[in-house]
Amino acid sequence: MKVVLKNIEKRGYKGNIDSYLKEGGYNAFKKALKMKPDQILFEIKKSKLVGRGGAAFPTELKWEFAKKCKEYPKYVVCNADEGEPGTFKDRIILENDPHLVLEAMIICGFTVGAEEGFIYIRGEYFKAYEILKRAIEEAERNNFLGKNILGSNFSFKITLFRGAGSYVCGEETALLDSLEGKKGQSRVKPPFPTFVGFKNKPTVLNNVETFANIPEIILKGGDWFSQIGSPLSCGTKLYCLSGDVNRPGVYELPANITLKELIEKCGQGVRGKLKAILPGGVSSNLLTDKELNITLDYPSVQKAGSMLGSGAVIIINDSRCIVDLAKRCAEFFDYESCGKCAPCREGTKRTREIFANITQGQGNLSDILLLKELQEVMYDTSRCGLGQAALNAVRSIIEKFPGEFKEHISKKKCKLKICPM
Amino acid sequence: MSLAKCERELKMVLKECGNKNEALLPCLHVACEKCGYLTEEIITFLAKELNLPPVEVYSVATFYSMFNLQRQGKYVIRICVSLPCYLRGSKKILETLKDELNIETGQTTKDKKFTIEAVSCLGLCDKAPAMMVNKEVYGNLTPKKVKKVILQYKAKR
């Protein structure tokens, strides 16, 4: 069952407007134009679609809050600042089926009463940027964008906006600041962007994959969508498999598949012997081979003590030193912390220092306690998701591989000879 | 001098955005693309046009890793060092690059042709290890493949 990749996986599909129209493209929008905004909201509510960027917030609620706001103008923003290590699903969608995202944004604009939309695309996605630019021009020529679209009194325009190499801009409020021409630093929530967003106006902000589900929901109905997957997690999910796996790639599957099935059927097994899995990129807690049977939906992964996030499943085999990997994660967050709030700015820095010490044979057993404490403080007090989740992986590594940690610290030895002891 | 190379384009972007603050990032992109890096002249020009203190423009310019205040090489090599690429051997790729070009990460070759940048995930994890040379993507790299790519660029004028 494909919802998001239905066109992309068809042979000969080019992703331009002609092939999109041939596959029934923009029919969802034409249907939506004849519906009342409340009817559209009702279909999305029935679909139980939740945000695919990582937070899994009900999409319908975002749209409804923004629609009910009496402030004007309103904005629609598509978050295409895909930066979580291990995530590349949005790139696949944008490069191969850009009109799917445009159509969904237009439907969103019509529903909530917005006349302007932005796609915030990460700076390094040069190819996707060019493809989207062309797609917007095509849509404008065919009057799916512009003034009085298809003879109605609804007008909508979409502007492309390039990020400039900052991971934190994937966080919604940092993205909005960046869109306003500032440094990408997160804002205090609440107020949420649905009420106070771009230029302090109501703004619907959704991930690329979330938007990509909308046209099918409008065409086939919310009930149809909610039948896919499991009642706890409706619809399909794009999983990005990477790391030590035989066939890395993006796989769209109903959200009731198990981790084991994903690795074995889609990824054709692990390269080497499995050691650990990061189910939601470097911000998620590590899972081990004991947890292979969990279902890859949001609540189940959470119950197993981790999070599905954006669906970046990174496989790690037993030739990897887990302390070395933890150090890598710590370096990443130290580099990407925006520096606005003290817990994250200082916490990521200290974590990096602690790991530098441990991997050079200068660790102290008290470091383990210190890291746990840092994780708790950062989780509780950081301003945005980056700082809150920065030490998730580190914490789970300490808990699940205590032996390897202690060996590095007390024996000053890296069994796999990876760390420069 | 640097401003002369991009003033016309910058004014176009500023006009499109109605001289509002939203124009800042697009302007910095244009300036970097046209001049290779951001000079004091460009920063003060943008500050004046957008009615911002120069320090505000400077702080934005230094916040984002894609904007540079130093002259970059003609070919900027962005190599991903995040976990998925690391698991597939990005460390060796980076070593090969450094050896081939005889510079460290973050440096530019003397002939101003190449710059190596170690960057966070490029979203190319299905082709790991991966790198970009300017806008071009290179995936499933091996040291041998990297050497070949560098040779190709060295041959270009």
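Observations on the structure shown:
- DSSP-defined antiparallel bridges as percent of all bridges, the protein assembly as shown, nearest 5: 45
- Helix A:59-68 and the longest principal axis of the Cα set of chain A meet at an angle near 50°.
- Note on A:325-336: average number of Cβ atoms from other chains within 10 Å of each residue's Cβ is 2.
- Share, in percent, of DSSP beta bridges within region B:75-155 that are antiparallel, nearest 5: 55
- GluC sites (Glu not before Pro) within region B:50-132: DSSP coil, no more than 11 neighbouring Cβ in 10 Å: B:E104
- Seen from all directions on average, region B:75-155 presents a Cα convex hull projection of 4.5 nm².
- Each Cα pair under 8 Å and six or more residues apart adds its separation to the average, and for region A:230-317 the resulting relative contact order is 35 percent.
- Relative to the longest principal axis of the Cα atoms of chain B, the long axis of helix B:54-63 makes an angle of roughly 20 degrees.
- Per principal axis, descending, Cα span of region B:3-63 in whole Å: 24, 22, 17
- Sparse-neighbourhood loop sites, trypsin sites (Lys or Arg not before Pro) in region B:6-65 - DSSP loop, at most 10 other Cβ within 10 angstrom: none
- Taking chain A and dividing mean pair separation by its residue count, relative contact order in percent (alpha carbons under 8 Å, at least six apart): 16
- Reachable aspartates and glutamates from B:K92, criterion Cα separation under 17 angstrom, eight or more residues apart if same chain: A:D244, A:D324, B:E100, B:E104, B:E117
- Stretchable slack from A:E261 to A:N27, in nm (0.36 nm times residue separation minus alpha-carbon distance): 80.8 nm
- Using Cβ point charges alone (K and R +1, D and E -1), the dipole size of region B:75-155 about the Cα centre works out to roughly 220 debye.
- Cut-off under 5 Å, modelled amide H: who pairs with B:V137 long-range: none
- Using θ = phi - 60° in the Karplus curve 6.51 cos²θ - 1.76 cosθ + 1.60, the 3J(HN,Hα) couplings for region A:29-44 round to 5, 4, 5, 4, 4, 8, 9, 8, x, 5, 5, 4, 4, 5, 5, 5 Hz; x is entered for Gly and Pro.
- Inter-part distance where region B:90-157 and region A:382-421 are each reduced to a Cα centre, Å: 29
- Distance from the C-alpha centroid of region A:75-116 to that of region A:124-156: 12 Å, rounded to the whole angstrom.
- Note, ³J(HN,Hα) from phi for region A:339-352, Karplus 6.51, -1.76, 1.60, rounded to Hz, x at Gly and Pro: x, 6, 9, 4, x, 6, 4, 7, x, 5, 5, 5, 4, 4
- Gaussian network model of chain A, Cα within-10 Å springs - most flexible of A:E252, A:E180, A:E261: A:E180
- Amide H within-cut-off set for A:T258, under 5 Å, with H built and near neighbours excluded: A:L296
- Cross-link pairs beyond the 31 Å C-alpha cut-off, checked among A:K349/B:K11; A:K349/B:K20; A:K2/A:K147; B:K5/B:K110: A:K349/B:K11; A:K349/B:K20; A:K2/A:K147
- Note: relative contact order over region A:254-382, using C-alpha pairs below 8 Å and six or more positions apart, is 20 percent.
- Other-chain or far-sequence residues with amide H under 5 Å of A:F118's (modelled H): A:V76, A:V77, A:C78, A:T159
- Computed from point charges on the beta carbon alone (+1 for Lys and Arg, -1 for Asp and Glu), the dipole magnitude for chain A about its Cα centre is near 100 Debye.
- Where Rh is the Kirkwood radius over Cα pairs, Rg/Rh for region A:1-98: 0.99
- When chain B is reduced to its Cα atoms, the Kirkwood hydrodynamic radius in Å: 16.8
- Residue among A:P402, A:P343, A:P98 with the largest mean-square fluctuation in a Gaussian network model of chain A, springs linking Cα atoms under 10 Å: A:P402
- For the pair region A:1-61 / region B:30-72, the C-alpha centres are spaced 39 Å from each other.
- Size-normalised alpha-carbon gyration radius of region A:304-400, reference 2.2 N^0.38 Å: 1.04
- Karplus (6.51, -1.76, 1.60) ³J(HN,Hα), θ = phi - 60°, over region A:270-287, in Hz, Gly and Pro reported as x: 7, 7, x, 9, 5, 10, 7, 9, 9, x, x, x, 6, 8, 9, 6, 6, 10
- What the Cβ-Cβ distance of A:N142 and A:E373 gives, at R0 = 51 Å and to the nearest 0.05, is a FRET efficiency of 0.30.
- Chain A: Rg to Rh, with Rh as the Kirkwood radius over Cα pairs: 0.99
- Nearest-ten-degree value, helix B:143-155 long axis tilted from longest Cα axis of chain B: 50
- Share of pairwise Cα separations in region A:75-184, more than 25 Å, in percent: 20
Quick note: the coordinates plus some simple rules give every number you see, no bench work behind them. Small disclaimer: the values here were computed from a predicted structure and weren't measured. Cβ coordinates were reconstructed from backbone atoms using ideal geometry, including for glycine residues, and neighbour counts include every protein chain displayed.
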